[in-house]
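Peer 1: Input: one structure, supplied below.
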Amino acid sequence: MKPFEFAALMSFAIGSFVTRVQLLWSYGFELRWWWRVALLILVSFVTIPLRMIERMVSCKRIKREELRNPPVFILGHWRSGTTFLHQLMAQDPQFGFVPSYQVFASRFSELLEIPFFMACTKSVMPANRGFDNVELHSDEPQEEELAVADRLPYSIFHYFCFPKNAKDLLRFTTMDNVTQKQYTSVKNAYDTVLRKASVFSKGKTLLVKNPANTGRVPLLLEMYPNAKFIHISRNPYRVFCSTYHQHVVMTQACSLQATTKQLLYDNVILFFKTVTERYLRTKSQIPEGHLTEIRFEDLMNDPVNQMKRMYGELGLTGFDKALPHFDVRSLHYIHQHVNDTTHRST
């Protein structure tokens, strides 16, 4: 097993034991993947004490935490440049974010701040994300949907383990056809993730990147009515090829069900259609001055001026102070290399 494949599977394994059992019961698995199932059950079970300890130590403190400023949400379909934009804007010192270690071990992440446990975490983290060459570091900004999946069965991230159930899991990117219990559970879990990130960031304005949020605009506005939104889009052909590649790599590492090329192709189209149509139908609910949109290609060609425009349209202050912190050149190199290696179907 490659280091990335082990890390990817472990990221699903260290979540809630009850959630893992619910998913296996609801969606099923193939017997040939019994060892993956055994790993999920074993790891989620033996880490129960860690989750209990953190709950006793920090539960009240997290509940007391209030977001001092409305979050800034980066929206956009997977593989549309959300990571590039997130990493770029997160260099602005005024922003806080959800760090990688809070995502991969969401419910006992504070224990990972102990040097010994942090060293262990770094030792098992792969050098990159596997489906591209974006490097992974424990304290850098990360997509927080995995932290939701860590707590609940109601997350699209479980798709990589259960690709045959894509349509059912996609409900939780739009919050359509979900029960009130499911809706409230997602809402509470998501708010807890951001509260914890706020503690880590010492109350800074949170900059949050999560493609699954692209279809959740009404939910986010209900929770954070003054939030700001940035939507990034990209050439759909590039998005399709890169997303398909991501699905291939991730299901090879994590799937508990049989997959075929046609299944993954169909799922990629379903993802794009579902999330994009939902965003187009609901973006009008965002108040004027709280949404800006950008094309990935424009951002890559002229990152400084495009960033300045976005700051201005959203009423974000401090761009001139932040400008010296933006290491555009190194990020551009990294993501240009990603473009060269992952914009293809396999």
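Peer 1: Taking interchain pairs and intrachain pairs at least six residues apart, which have beta carbon atoms under 9 angstrom, with the first residue in the range 283-297 and under 14 Å from Glu313 (Cβ atoms) and the second among the hydroxyl-bearing types (Ser, Thr, Tyr) and surrounded by 12 or more Cβ atoms within 10 Å (Cβ to Cβ)?
Peer 2: Sorted first by the residue in the range 283-297, then by its partner, the pairs are Thr292/Tyr311; Glu293/Ser233; Ile294/Ser233.
Peer 1: The conditions are (1) farther than 21 Å from Phe157 by Cβ; (2) of a type in the set (A, V, I, L, M, F, W, C); (3) modelled with pLDDT under 90; (4) in contact with a helix residue (DSSP H, G or I) (Cβ under 9 Å, 6 or more places away or on another chain), and Val43 fails exactly one of them. Which is it?
Peer 2: In the conditions (1) farther than 21 Å from Phe157 by Cβ; (2) of a type in the set (A, V, I, L, M, F, W, C); (3) modelled with pLDDT under 90; (4) in contact with a helix residue (DSSP H, G or I) (Cβ under 9 Å, 6 or more places away or on another chain), Val43 misses (1) alone.
Peer 1: Then there is this: Which of the residues belonging to the range 245-263 are more than 18 Å from Leu39 (Cα to Cα) and open to solvent by less than 10 Å² (accessible area, probe 1.4 Å)?
Peer 2: His247
Peer 1: If the requirement is being of a type outside the set (A, V, I, L, M, F, W, C), open to solvent by 30 Å² or more (accessible area, probe 1.4 Å) and closer than 18 Å to Leu280 by Cα, which of these qualifies: Asn213, Asn235? So that I can check it myself, show each step before the final result.
Peer 2: Numbers: Asn213 fails: open to solvent by 30 Å² or more (accessible area, probe 1.4 Å).
When all the criteria are applied, what remains is Asn235.
Peer 1: Now for a different question. Looking at the range 185-200, is at least one residue surrounded by fewer than 23 Cβ atoms within 10 Å (Cβ to Cβ) and outside any helix (DSSP H, G or I)?
Peer 2: no
Peer 1: Just checking, how many residues over the range 156-177 are open to solvent by less than 40 Å² (accessible area, probe 1.4 Å) and not in a helix (DSSP H, G or I)?
Peer 2: 4
Peer 1: Still on this model: Among Asn226, Asn267, which is the only one that is out of contact with any helix residue (DSSP H, G or I) (no Cβ under 9 Å at 6 or more places or on another chain), in contact (Cβ under 8 Å) with a residue 12 or more places away in the chain and not in a strand (DSSP E or B)? So that I can check it myself, show each step before the final result.
Peer 2: Details: Asn267 fails: out of contact with any helix residue (DSSP H, G or I) (no Cβ under 9 Å at 6 or more places or on another chain).
So the residue among Asn226, Asn267 that is out of contact with any helix residue (DSSP H, G or I) (no Cβ under 9 Å at 6 or more places or on another chain), in contact (Cβ under 8 Å) with a residue 12 or more places away in the chain and not in a strand (DSSP E or B) is Asn226.
Peer 1: Another one. Kindly establish whether Ala119 is assigned to a helix (DSSP H, G or I), at pLDDT 90 or above and open to solvent by 20 Å² or more (accessible area, probe 1.4 Å).
Peer 2: no
Peer 1: In addition: Within the range 294-309, which residues are touching a Phe, Trp or Tyr at 6+ places or on another chain (Cβ under 9 Å) and either open to solvent by less than 30 Å² (accessible area, probe 1.4 Å) or modelled with pLDDT of 95 or more (or both)?
Peer 2: Within the range 294-309, the subset touching a Phe, Trp or Tyr at 6+ places or on another chain (Cβ under 9 Å) is 296, 299-300, 303-304, 307-308.
Those that are touching a Phe, Trp or Tyr at 6+ places or on another chain (Cβ under 9 Å) and either open to solvent by less than 30 Å² (accessible area, probe 1.4 Å) or modelled with pLDDT of 95 or more (or both): Phe296, Leu299, Met300, Pro303, Met307.
Peer 1: Then there's this: Filter the range 270-293 for residues that are assigned to a helix (DSSP H, G or I) and crowded, with 20+ Cβ neighbours inside 10 Å and give the result.
Peer 2: Looking only at the range 270-293, we keep the residues that are assigned to a helix (DSSP H, G or I), and these are 270-285.
Hits for the range 270-293 are Phe271, Thr274, Val275, Arg278, Tyr279.
Peer 1: For Gln182, work out the one condition from (1) polar (S, T, N, Q); (2) modelled with pLDDT of 95 or more; (3) in contact with a helix residue (DSSP H, G or I) (Cβ under 7 Å, 6 or more places away or on another chain) it doesn't fulfil.
Peer 2: Here Gln182 clears every test but (3).
Peer 1: Is at least one residue of the range 254-261 at pLDDT below 95 and under 18 Å from the mean Cα position of the chain (by Cα)?
Peer 2: yes
Peer 1: Confirm whether Val208 is farther than 20 Å from Val103 by Cβ and in contact (Cβ under 8 Å) with a residue 24 or more places away in the chain.
Peer 2: no
The values are calculated or read from the model by the stated rules, or taken from the named source; none is laboratory data. These numbers were taken from a predicted model, which means no experiment stands behind them. Cβ: placed from backbone, ideal geometry, glycine included. Neighbour counts: every protein chain shown. Ligands, DNA and RNA are excluded from the accessible area calculation, which covers all protein heavy atoms including side chains. Shrake-Rupley method; radii C 1.70, N 1.55, O 1.52, S 1.80 Å.
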